[in-house]
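K.L.:
Sharing a structure here in structure tokens format.
The values are calculated or read from the model by the stated rules, or taken from the named source; none is laboratory data. Predicted, not measured: the structure shown is a model, and the values here were computed from it. FYI the Cβ positions are ideal-geometry reconstructions off the backbone, even for glycines, and counts take in every protein chain you see. Surface accessibility is based on the protein's heavy atoms, side chains included, excluding ligands, DNA and RNA. Shrake-Rupley method; radii C 1.70, N 1.55, O 1.52, S 1.80 Å.
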Amino acid sequence: MKREQWGSRAGFILAAVGSAIGLGNIWRFPYMAYENGGGAFFIPYLFAMLTAGIPFMIMEFGMGHKYRGSAPRTFAKLNKKYEWLGWFQVSIAAIIAVYYVAVIGWAISYFNMSFTQSWGADTNAYFFGEYLKLGDNNSPSKLGLVQWHIAIPMAIAWAITFTAIFGGIKAGIERASKIMMPLLFLMVVALIARMIFLPGALDGLNYLFQPDFSKITDPKVWSAAYGQIFFTLSVGFAIMLAYSSYLPEKSDVNNNAFMTVLINCGFSIIAGILIFAILGNMAHEQAKPLTEVVTSGVGLAFITIPAAINLLPAPYILGPVFFFALVIAGLSSHISIIEAVTSAFIDKLKWSRKVAASVVCGVGFIVSMSFATNGGLLLLDLVDYFINNIALLASCIAELFIMGWLVKLTDIHKHVNNISEFTVGQWFKICLRFLSPAFLIVILGTNVVTTLTKGYGGYAQSDLIMLGWGLIAAMLIIAIVINRASSPAIVINESIKEA
């Protein structure tokens with residue numbers, strides 16, 4: 001069966017950028033910059049982009065293009081015994097998909113509410129009490145009842161994702177990306193054009209960009225920069241391997257990787273301008289210092305921003321535009337995450353795309369309903385912490401170790417240079433063999449020690465063991481079992497057919 005291909009280079013880049021640009025760019029990057037030296041943070045961030053983001057993206061684009069398969073198939077073609085890492089990455093993608101869609105569901109709800117600001121004056125009490133109905137629950141293992149006002153928007157998000165995946169690469173994902181990405185950029189630029197002229201907006205930008213060069217020597221700032229690069233680029237969990245496997249034979253891999261990373265990081269900075277212009281205006285209107293209104297994550301999107309929208313001129317226009325941008329950013333990432341899982345089943349079980357999309361989205365929808373319950377936010381918080389701060393970093397380290405030291409990284413280096421308009425030098429191998437693994441090992445080691453000694457979020461140790469460490473262990477065991485159960489002959493036969 002001939003592998004699908006992207007219809008155009010622009011379609012592929014927009015899809016890759018759509019995957020990389022997600023809610024993390026909007027609600028995580030601005031806060032990371034603010035916390036880690038403001039304008040000075042861009043020095044380690046730029047260094048991390050050049051030494052980790054771009055080389056890793058080139059490597060994954062090269063692997064996907066050369067071996068023409070989903071993550072498990074790609075690693076199996078390197079060596080049958082490495083297929084487990086592909087399935088571990090697919091399991092990371094699958095878990096992220098089922099909780100990430102909950103946040104998209106919240107954004108859809110808030111988009112609807114933003115026309116009338118029906119979240120009221122106390123946005124904190126509304127979000128946790130009336131919308132999520134969190135109550136007195138403080139355990140992620142006590143889920144409670146399904147909240148249908150959350151479940152229905154999540155179902156809408158699943159329907160959009162399913163339509164894109166079911167349609168295939170060219171007719172589904174590429175077409176969706178060509179609409180979503182330009183729309184997202186236009187909405188964010190339009191918001192900035194309005195927000196920048198509001199009272200206090202420039203004060204907010206000064207807070208974001210004012211450099212504190214004393215933080216440049218702090219190792220935590222460099223770790224934060226590397227962590228943000230890996231967090232935001234969608235590398236290390238099967239997506240870019242799947243997407244690049246659909247590239248035409250003649251593809252400028254190096255250029256594509258540079259463009260994807262640069263556009264993603266550029267959008268992060270643009271999002272920072274938008275968020276801090278809004279926060280600066282909010283601080284001005286409430287006569288508070290900006291340090292009292294700045295926040296990140298879920299709190300920024302669903303508590304602070306709605307409170308800021310209440311204070312804006314024409315909130316019934318600016319509010320919907322902001323939340324529609326959030327929905328678009330979330331959906332474009334969710335589509336790519338589900339494609340990574342779907343392509344693995346297509347390759348492994350030889351299912352048709354329609355069957356694979358139906359099964360993956362159907363099972364995903366059912367599992368995701370656990371995040372539409374009273375305890376959904378707590379479950380999401382705990383699972384997200386372990387997946388992003390431990391499982392994903394471990395996956396990236398394993399991939400770098402396999403590619404840099406156990407197989408010939410030189411083969412990928414030669415492959416990408418042979419098909420690209422410009423070549424990359426020895427820095428590519430130095431970064432992937434030494435610099436990136438060193439930073440990732442430090443970050444992962446710190447996260448593991450902190451979690452073991454101090455726990456996380458005040459959750460009970462039993463919840464951390466069952467829903468955190470236990471989940472990662474289960475993912476690893478399943479990946480190894482699938483690897484052991486697979487026949488080496490399958491990989492050999494496929495390699496002969498494609499040679």
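K.L.:
To the nearest 10 Å², what's ASP411's accessible area with a 1.4 Å probe?
P.N.:
ASP411 has an accessible surface of roughly 70 Å² with all protein chains in place.
K.L.:
Just to verify a number: what accessible area does LYS170 come out at with the full protein assembly present, 1.4 Å probe, Å² rounded to tens?
P.N.:
Accessible area, nearest 10 Å²: 120 Å².
K.L.:
Something else: If I stretch the segment between ASP218 and LEU202 completely, what's the gain in nm (0.36 nm per residue apart, minus their alpha carbon distance), one decimal?
P.N.:
Extending this stretch completely gives an extra 3.0 nm.
K.L.:
Applying the Karplus parametrisation 6.51 cos²θ - 1.76 cosθ + 1.60 with θ = phi - 60° to the phi angles of region 171-181, what ³J(HN,Hα) value in whole Hz is obtained for each residue in order, glycine and proline being reported as x?
P.N.:
7, x, 5, 5, 4, 4, 5, 5, 8, 5, 5
K.L.:
Compute the length gained on full extension between VAL363 and VAL442: take 0.36 nm times their separation in residues and subtract their Cα-Cα distance, giving the result in nm to one decimal. It would help to have the intermediate numbers written out before the result.
P.N.:
Details: separation 79, 0.36 × 79 = 28.44 nm, distance 3.60 nm.
Gain on stretching VAL363 to VAL442: 24.8 nm.
K.L.:
Once you have the Kirkwood Rh of region 1-89 from its Cα pairs, apply Stokes-Einstein at 25 °C and 0.890 mPa s and quote D in µm²/s. Before the final figure, lay out the partial values.
P.N.:
Numbers: Rh = 15.7 Å.
In µm²/s, the coefficient rounds to 156.
K.L.:
Can you list residues from other chains, or at least 5 along the same chain, whose modelled amide H is less than 5 Å from the amide H of VAL293?
P.N.:
The list, which skips near neighbours in sequence, is empty: none.
K.L.:
Straight-line reach from LYS454: which lysines fall under 30 Å, measuring Cα to Cα and dropping same-chain residues less than 8 apart?
P.N.:
Cα-Cα hits under 30 Å: LYS133, LYS142, LYS215, LYS220.
K.L.:
Over the Cα atoms of region 175-279, what Rg and Dmax result, in angstrom?
P.N.:
17.3, 53
K.L.:
Additional query: Let me cross-check LYS178: its accessible surface, 1.4 Å probe, with only protein heavy atoms counted, in Å² to the nearest 10?
P.N.:
Rounded to the nearest 10, the figure is 90 Å².
K.L.:
Still on this structure, please answer the following. Using a 1.4 angstrom probe with every protein chain in place, what is the largest-first accessible-area order of PHE434, PHE88, PHE258, PHE166? Working shown, then result.
P.N.:
Values: PHE434 115, PHE88 10, PHE258 50, PHE166 75 Å².
The residues order as PHE434, PHE166, PHE258, PHE88, largest area first.
K.L.:
Let me ask something else. Leaving ligands, DNA and RNA out of it, report the carbon-plus-sulfur percent of the accessible area of the chain at a 1.4 Å probe.
P.N.:
Answer for the chain: carbon and sulfur cover 67 percent of the accessible area.
K.L.:
Using a probe radius of 1.4 Å on heavy atoms only, what accessible surface per residue do you get for the chain? Whole Å² is fine.
P.N.:
I get 38 Å² per residue for this part.
K.L.:
Given points 7 Å out from each Cα along the Cα-Cβ axis, report the ASN138 to GLN426 separation in nanometres with one decimal.
P.N.:
If labels sit at ASN138 and GLN426, their model points lie 5.7 nm apart.
K.L.:
Also: Say each of ALA10 and ILE179 gets a label point 7 Å from the Cα, pointing the same way as Cα to Cβ; how far apart are those two points in nm?
P.N.:
Spacing of the two 7 Å Cα→Cβ label points: 1.7 nm.
K.L.:
Sticking with this structure for a sec: Going by amide H atoms built from the backbone, whose H comes under 5 Å of the H on THR373, apart from near neighbours?
P.N.:
Long-range HN contacts for THR373: GLN147.
K.L.:
Further question on the same structure: So how far apart, in nm, are the two label points at VAL481 and LYS170 if each is 7 Å from Cα heading toward Cβ?
P.N.:
In this crude spin-label approximation the distance works out to 4.0 nm.
K.L.:
For region 395-404, what does the Karplus curve 6.51 cos²θ - 1.76 cosθ + 1.60, with θ = phi - 60°, yield as ³J(HN,Hα) per residue in whole Hz, taken in order and with x for Gly and Pro?
P.N.:
So the Karplus estimates, Gly and Pro as x, are 4, 5, 5, 4, 5, 5, 5, 5, 6, x Hz.
K.L.:
What ranking of VAL321, VAL98 comes out by heavy-atom accessible area, probe 1.4 Å, highest first?
P.N.:
VAL321, VAL98
K.L.:
Here's another thing I want to ask about it. Using the Karplus equation 6.51 cos²θ - 1.76 cosθ + 1.60 (θ = phi - 60°), what ³J(HN,Hα) coupling, rounded to whole Hz, does each residue of region 37-43 give in order, writing x for Gly and Pro?
P.N.:
Per residue, the Karplus-derived 3J(HN,Hα) values read x, x, x, 5, 4, 5, 5 Hz.
K.L.:
Please work out, to two decimal places, the log10 of the ratio I(q)/I(0) at q = 0.10, 0.19 Å⁻¹ from a Debye calculation in which every Cα of region 335-488 carries one identical scatterer.
P.N.:
-0.54, -1.29
K.L.:
On to the next question. For volume of the Cα convex hull per residue in Å³, pick the label among (1) 137; (2) 173; (3) 183 that corresponds to the value derived from the coordinates.
P.N.:
So the calculated entry is the one marked (1).
K.L.:
Using a 1.4 angstrom probe with every protein chain in place, what is the largest-first accessible-area order of PHE115, PHE267, PHE365, PHE42?
P.N.:
Ranked list, largest accessible area first: PHE115, PHE365, PHE42, PHE267.
K.L.:
Hey, another quick one. For region 105-176 and region 221-259, what is the separation of their Cα centres, given in Å?
P.N.:
The two parts, judged by their Cα centres, are 28 Å apart.
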